[in-house]
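A.B. asks: Handing you a structure now.
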Amino acid sequence: MSLVDEVPGATDAARSGAEHITEPTAYDAILLASFGGPEGQDDVIPFLRQVTRGRGIPDERLEEVAHHYRAFGGVSPINDQNRQLKAALEAELARRGIDLPVLWGNRNWKPWLSDALVEANERGFRKLIAIGTSAYSSYSSCRQYREDYAQALADTGLDGVIEIDKVRQFFDHPGFVTPFIDGLRDALAELAERGIALEDTHVLFSTHSIPSSDAARSGPAERHFGEGGAYAAQHLAVAEVVVAAQEPGASEVGWDLVFQSRSGPPSMPWLEPDVNDRIVELAAADMKAVVIVPLGFVSDHMEVKWDLDTEAMETAKENGLVAIRVPTPGVHAAYVSGLVDLVLERRDGVPLAERPALTALGPWYDVCRPGCCENVRLGFKPALAGVAP
């Protein structure tokens, strides 16, 4: 690989752009990176302006989404969830005797990523390993994080001073998948106790819908994942693992991958079917119960609390279906431990053969591949932790 192809802003081990880095790296701290959310009614519209920046969406249209937040007092649960996750990571690191501070910064609200980088610089931290709170491959769940790392370095003037690597996308890491296996097992057991037969139950694995054009470009093009790209393929593979891990008999339960939270214009194709539409179809087919597994989400943030716990539950009730929503990983012990394991993979240069992955798609790449997860409307912007473009 030539000099111009070196990964920008990366540590020495990752700069070459190898798919998996097996050279140990002495990181100074962990950067916990998340989406962010408002923490009061006055924050809601400014937050939504930030999320939709560059699209020219007027405030009156933003208010159509704002009512989701206003129904919860203008407070997104995501920041408190990240405070809890940061504390849980710190406790797990301390338990293992690992001296790695955890810094937290958001892409769309305070504390900003730039705040975390300023703190890192003030504390003398030069090599950071980032954990993005999103497990799958797509523009919004991976590349946009990487673009925001690059932008935060530029905004703070710390480009060339601080280096940022990232852990691999962890959709099929046992730490992420185990909470869903446990949650589905508990939900099916509860339905059985309530006298609802397995053949009358359907499982809906739900994730955030994204534009079909973005889905098609998720993951490296040379892998040829098909119409839904790596994003759909990863979710389907994990869903199969979660179902197969159930008790004998229960692994025969019917299931689908469904989508939620689409926000684009009707003229733009997004991934389907919608979770609510599928619930209506299942009721018409005389199904008695649905188990909703929020497979695309790491915590109970607004898309879970509103789109699933409010809208999807109402749809199920209106159509006479019993519905149970499985918990997200949150601060489940396996999830927290798994995130630390992912950091140690990079710190210790763990060989590929020793890295756990529950699907044939992984272990995923440490350094994102060229052209991975392009946003068709915006094109390629500078991004860290990946080979250009």
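A.B. asks: Quick one: would you say V331 is in contact with a Phe, Trp or Tyr (Cβ under 8 Å, 6 or more places away or on another chain), touching a residue at least 24 places away in the same chain (Cβ under 8 Å) and of a type in the set (V, I, T)?
C.D. replies: no
A.B. asks: Continuing with this model, one more query. If you go through the stretch 278-309 one residue at a time, how many are surrounded by fewer than 18 Cβ atoms within 10 Å (Cβ to Cβ) and closer than 24 Å to A230 by Cα?
C.D. replies: Going through the stretch 278-309 one residue at a time, the tally reaches 0.
A.B. asks: Quick check on my filter: what residues within the stretch 25-43 are surrounded by 13 or more Cβ atoms within 10 Å (Cβ to Cβ) and over 22 Å from the mean Cα position of the chain (by Cα)?
C.D. replies: The initial filter retains those residues of the stretch 25-43 that are surrounded by 13 or more Cβ atoms within 10 Å (Cβ to Cβ), namely 25, 27-39, 41, 43.
Result: T25, Y27, D28, Q41, D43.
A.B. asks: Another question, then. Just the residues that are touching a Pro at 6+ places or on another chain (Cβ under 9 Å) and aromatic (F, W, Y), please, taken from the stretch 184-243.
C.D. replies: Scanning the stretch 184-243 gives a single hit, F205.
A.B. asks: Which residues, counting only those in the stretch 214-270, are part of a loop (DSSP other than H, G, I, E, B) and within 30 Å of E193 (Cα to Cα)?
C.D. replies: A245, Q246, E247, P248, G249, V253
A.B. asks: Return the residue satisfying two criteria in turn: it lies in the stretch 208-265 and is in contact with a Ser or Thr (Cβ under 9 Å, 6 or more places away or on another chain), farther than 21 Å from C142 by Cβ and of a type in the set (A, V, I, L, M), and of such residues it is surrounded by the fewest Cβ atoms within 10 Å (Cβ to Cβ).
C.D. replies: Here the answer is A244.
A.B. asks: Can you run down the residue pairs with Cβ atoms below 8 Å, 6 or more apart or on separate chains, where the first is in the stretch 179-206 and over 19 Å from A312 (Cα atoms) and the partner is surrounded by fewer than 21 Cβ atoms within 10 Å (Cβ to Cβ) and among the basic types (K, R)?
C.D. replies: That search, which allows pairs on different chains as well, returns I196/K288; A197/K288.
A.B. asks: How about the stretch 97-123: which of its residues are among the small types (G, A, S) and under 24 Å from D341 (Cα atoms)?
C.D. replies: Listed by number, the residues that qualify are G97, G105, A116, A120.
A.B. asks: Among the candidates S209, S267, S251, S263, single out the residue that is modelled with pLDDT under 95 and under 19 Å from the mean Cα position of the chain (by Cα). Spell out how you get there, then give the answer.
C.D. replies: Values: S209 fails: modelled with pLDDT under 95; S267 fails: under 19 Å from the mean Cα position of the chain (by Cα); S251 fails: under 19 Å from the mean Cα position of the chain (by Cα).
Sole residue among the options that is modelled with pLDDT under 95 and under 19 Å from the mean Cα position of the chain (by Cα): S263.
A.B. asks: Considering only residues that are without any contact (Cβ under 8 Å) to a residue 12 or more places away in the chain and charged (D, E, K, R), look in the stretch 56-74 and name the one that is surrounded by the fewest Cβ atoms within 10 Å (Cβ to Cβ).
C.D. replies: Taking the candidates together, the pick is E60.
A.B. asks: Same structure, new question: Quick check on this structure: which one of A312, A334, A353 is crowded, with 20+ Cβ neighbours inside 10 Å and either out of contact with any helix residue (DSSP H, G or I) (no Cβ under 7 Å at 6 or more places or on another chain) or part of a helix (DSSP H, G or I) (or both)?
C.D. replies: The match here is A312.
A.B. asks: Regarding I196, is this residue outside the structural domain of L31 (by TED's automatic domain parsing) and buried (at least 16 other Cβ atoms within 10 Å of the Cβ)?
C.D. replies: Here the answer is yes, as I196 does meet what is asked.
A.B. asks: Anything in the stretch 101-142 that is within 18 Å of S76 (Cα to Cα) and touching a Pro at 6+ places or on another chain (Cβ under 9 Å)? List them, or say none.
C.D. replies: Within the stretch 101-142, W104, G105, W109 meet the criteria.
The values are calculated or read from the model by the stated rules, or taken from the named source; none is laboratory data. Remember, it's a predicted structure, so these values are computed and weren't measured experimentally. As a convention, Cβ positions derive from the backbone with ideal geometry for all residues, glycine included, and neighbour counts pool all protein chains shown.
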